[in-house]
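This report concerns only the one structure given below.
Coordinate-derived values only; no laboratory data. The structure displayed is predicted, hence computed values, not measured ones. All Cβ positions, glycine included, derive from the backbone under ideal geometry; neighbour counts span all protein chains shown.
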Amino acid sequence: MEILVVGAGALGLLISGLIAHNGGHVTLYSRRPEAIEHISKKGIRIITDNEEYVVRVKCIASIQKDNYYELAIVTVKSYDTETIAKLLAEKLNSQTFVLSLQNGLGNAEILASHLGKERVFPGITTQASTRLGINEVYHAFNGLTIIGEYDGPPTERVRRIADFLSNNGVTCIVSENIWREIWFKVMVNSVINPLTAIMKIKNEGLLKISSIELLIKDILSEIISVAKLYGYEFNLNECYEKIIKIIQDTRNNKSSMLQDIENKRRTEIDSLNGMITKLAEMHGLETPLNRALTIFVKGIEER
């Protein structure tokens, strides 16, 4: 299977490197000339707590029209999805499937609006990675990737993609209800990302804060109320326990939002807490904590 990974950030580097390291055929697309130069010359360096290795990956600055890839994995920031969706619609072979492994709400929908929902697989991943350099990434946690059909029950095609990823270093399963998985991942990111970015701490730092349980549960309660409006029911205590486990598992990781703040880049707050606030307002619901987190993060961005 020929794979195109779109985006050379922390996750894009990691996914590309894992697939290539395990024998898969992968091409990495980036719009940044300096990234293409470094990756092409020096490969992708992946560092874990137990090992360090370099993988050679083809890195390209442009996607040749109709060049055949069986799957394109989109890892770009949510605010770049519209631009990337238009590019993929123009350049990709009509038989290429597209998998979104992005943070926030709305990414798969944007891709589907340009490529057709029959070609798009929504997905999430708990792979945790911190970009150390332009071609270097720290693999903080070997998490699970979950994918599914845009509409309807899982088919053989999505199972084949999951099997390929699992056999090439990216453990993957297929969900019967991928949209519910995405809502839960939004909860995870809407708790961990803004809190670590505002306080400028690694994930493990959250566990050292007194009364963090109350704060996390209050944030989750608002998101659960919004999710219910869209047909997704969640148990507050179950969600809290799962998120604490994720924080423990990824304790050495810097959230993507913290990495963005440290590198003076735009964050994805608008597709996380900001989107929760927006959806709530559409239904006359107040989400003051998620609104406050959005305001705080955007204030930090503007410094």
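Inside the stretch 85-150, counting only strands (runs of 3 or more DSSP E) that do not spill past its ends, which hold 3 or more residues that are in contact (Cβ under 8 Å) with a residue 40 or more places away in the chain and either of a type outside the set (S, T, N, Q) or under 21 Å from Ile269 (Cβ atoms) (or both)?
Because the criterion is at least 3 residues that are in contact (Cβ under 8 Å) with a residue 40 or more places away in the chain and either of a type outside the set (S, T, N, Q) or under 21 Å from Ile269 (Cβ atoms) (or both), the strands (runs of 3 or more DSSP E) in the stretch 85-150 that meet it are 120-125, 128-133, 136-141.
Check Asp49, Asp80 and return the single one that is charged (D, E, K, R), within 30 Å of Asn263 (Cα to Cα), out of contact with any Ser or Thr (no Cβ under 7 Å at 6 or more places or on another chain) and assigned to a loop (DSSP other than H, G, I, E, B).
On the way: Asp80 fails: assigned to a loop (DSSP other than H, G, I, E, B).
Within the list Asp49, Asp80, the selection yields Asp49.
Looking at Ile63, Ile15, which is the one that is touching a Lys or Arg at 6+ places or on another chain (Cβ under 6 Å), closer than 26 Å to Ser113 by Cβ and surrounded by 18 or more Cβ atoms within 10 Å (Cβ to Cβ)?
Ile63
Just need a number here: residues in the stretch 153-177 that are outside any loop (DSSP other than H, G, I, E, B) and under 17 Å from the mean Cα position of the chain (by Cα).
Looking only at the stretch 153-177, we keep the residues that are outside any loop (DSSP other than H, G, I, E, B), and these are 156-167, 172-174.
Adding the requirement that they be under 17 Å from the mean Cα position of the chain (by Cα) leaves 162, 165, 172-174.
Counting residues in the stretch 153-177 that are outside any loop (DSSP other than H, G, I, E, B) and under 17 Å from the mean Cα position of the chain (by Cα) gives 5.
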